[in-house]
Amino acid sequence: MAKAASKAAVALIRDYNEADNLVSSMTGAARFVEASRRRAGETIRRELARARPDFSFDEPADGSRWIVSALDGVSNLVHAIPHTSIAVAVEMTGEVVAGVVLDPLRDELFWAERGHGAFMHSRRLRVSRTRSLSGSVLAHGDGVPSALGIARLLKRGPRLRCLGAPSLDLAWLASGRLDGYWADGADPDSLAAGTVLIQEAGGIITRLDGSPPGTAPSSVLAGNPGIHGHMLRSLA
C-alpha cells in the first residue's frame with residue numbers, strides 16, 4: 001500500500017505545483033485536479049492489483065478488498081492549499097486490518113496494522129492526552145450534526161478547525177496533533193484507513209451516534225479516550 005501511494009505521489013506533487021499556477025482560474029484548476037485524481041487512482045489500482053491480484057476493489061468475493069481514496073482534499077488542491085492526502089486500506093472478512101495515509105507534500109507516511117500499532121514512518125504514534133474540551137483542538141468535516149449540538153460543544157471551549165482532508169485529519173489525530181474529529185456525510189473511502197490508525201494509536205472512533213464505525217462509515221466521531229465521550233455527549 002505504501003509503495004502504491006508513494007508512486008502516485010510523484011505525479012501529485014508535480015500536479016500541485018501546476019495547480020498553484022492555475023488557481024486564478026477555478027474552472028481550469030478544477031478540471032486539472034480531477035484529471036490528477038483520476039491518474040493517481042489508476043496508478044494505485046495498477047500497483048495494488050499487481051501485488052495482490054486476488055484482492056477486489058469492490059465487494060470482496062473472497063473476503064478481501066482494497067479501499068482507495070486516491071486524492072483526499074480535492075477542494076484544497078484546487079485552491080493550491082497544501083493539505084491533501086492519499087489513503088489506502090485493506091478490508092478482510094468485514095474488518096479494516098491495515099491502512100496507510102500519505103501526505104505527499106510533507107512526505108509524511110502514516111500507517112497502521114491491526115494488532116501491531118500505528119506509525120508515522122518508523123515513529124510510534126499515540127493520541128494526545130488532553131482530557132478537557134476546554135482548550136482542545138478539534139477538527140471537523142463539512143457536515144455538522146446539528147446547530148444545537150455545535151452550540152453545546154462551543155460552550156465548552158474547544159478550538160475548531162475545518163482542514164478539508166478527512167484521512168489526513170484522522171492521521172493527525174492519531175499522531176496527537178489534534179484531540180478530536182467529527183464528520184457527517186464524508187466519503188467512506190477517505191475514512192477507512194484513519195479508522196485503524198486511530199484505534200492502533202489508542203484512540204476511540206465511532207459513528208456520530210456512538211455505534212461502531214464498521215468498514216464504510218459516512219459519519220465518524222473520533223478522539224482520544226478523554227475527549228471522545230465529551231464530544232459524543234455534546235453533539236448528540
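Data overview
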item	result
Calculated FRET value between ARG124 and ALA2, using beta carbons and R₀ = 22 Å, to 0.05	0.85
Cα centroid separation - segment 114-148 against segment 181-231, whole Å	9
Theoretical gain in end-to-end length, GLU59 to ARG46 [0.36 nm per residue, Cα-Cα removed]	2.9 nm
Cα→Cβ-extended label distance, 7 Å offset, between ILE150 and HIS79, nm	1.6
Cα-only Debye scattering, the chain: base-10 log of I(q)/I(0) at q = 0.12 Å⁻¹	-0.64
Among THR43, THR130, THR93: highest mean-square fluctuation, GNM of the chain, C-alpha pairs under 10 Å	THR93
Residue (of LEU168, ALA151, GLY202) at the positive-pole extreme of segment 144-203, dipole from beta-carbon charges	ALA151
Cα centre as origin, Lys/Arg/Asp/Glu Cβ charges: the chain dipole, Debye	780
Sorted peptide list for 150-162, 6-18, criterion being average Cβ within 10 angstrom, highest first	6-18, 150-162
Projected label distance in nm at ARG207 and GLU95, using a 7 Å step from Cα toward the beta-carbon	2.0
Values of log10 I(q)/I(0), in the order q = 0.14 Å⁻¹, for segment 132-176 under a Debye, Cα-only, solvent-free model	-0.35
Calculated SAXS-style log₁₀ I(q)/I(0) at q = 0.13, 0.21 Å⁻¹ - segment 98-230, Debye, Cα scatterers	-0.46, -1.24
Within the chain, helix-based [θ] at 222 nm, where runs of 4 or more DSSP H residues each add -39,500 (n - 2.57), nearest 500	-12000 deg cm²/dmol
Accessible surface, per residue, of segment 49-105 when the full set of protein chains is kept, probe 1.4 Å, Å²	40
Protein accessible area in the chain, 1.4 Å probe - carbon and sulfur %	52
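The values are calculated or read from the model by the stated rules, or taken from the named source; none is laboratory data. Everything numeric here is computed off the predicted structure, so don't read it as measured data. Cβ sites come from the backbone with ideal geometry, for glycine too, and all protein chains shown count toward neighbours. Note: areas computed on protein heavy atoms with side chains; ligands, DNA, RNA excluded. Shrake-Rupley method; radii C 1.70, N 1.55, O 1.52, S 1.80 Å.
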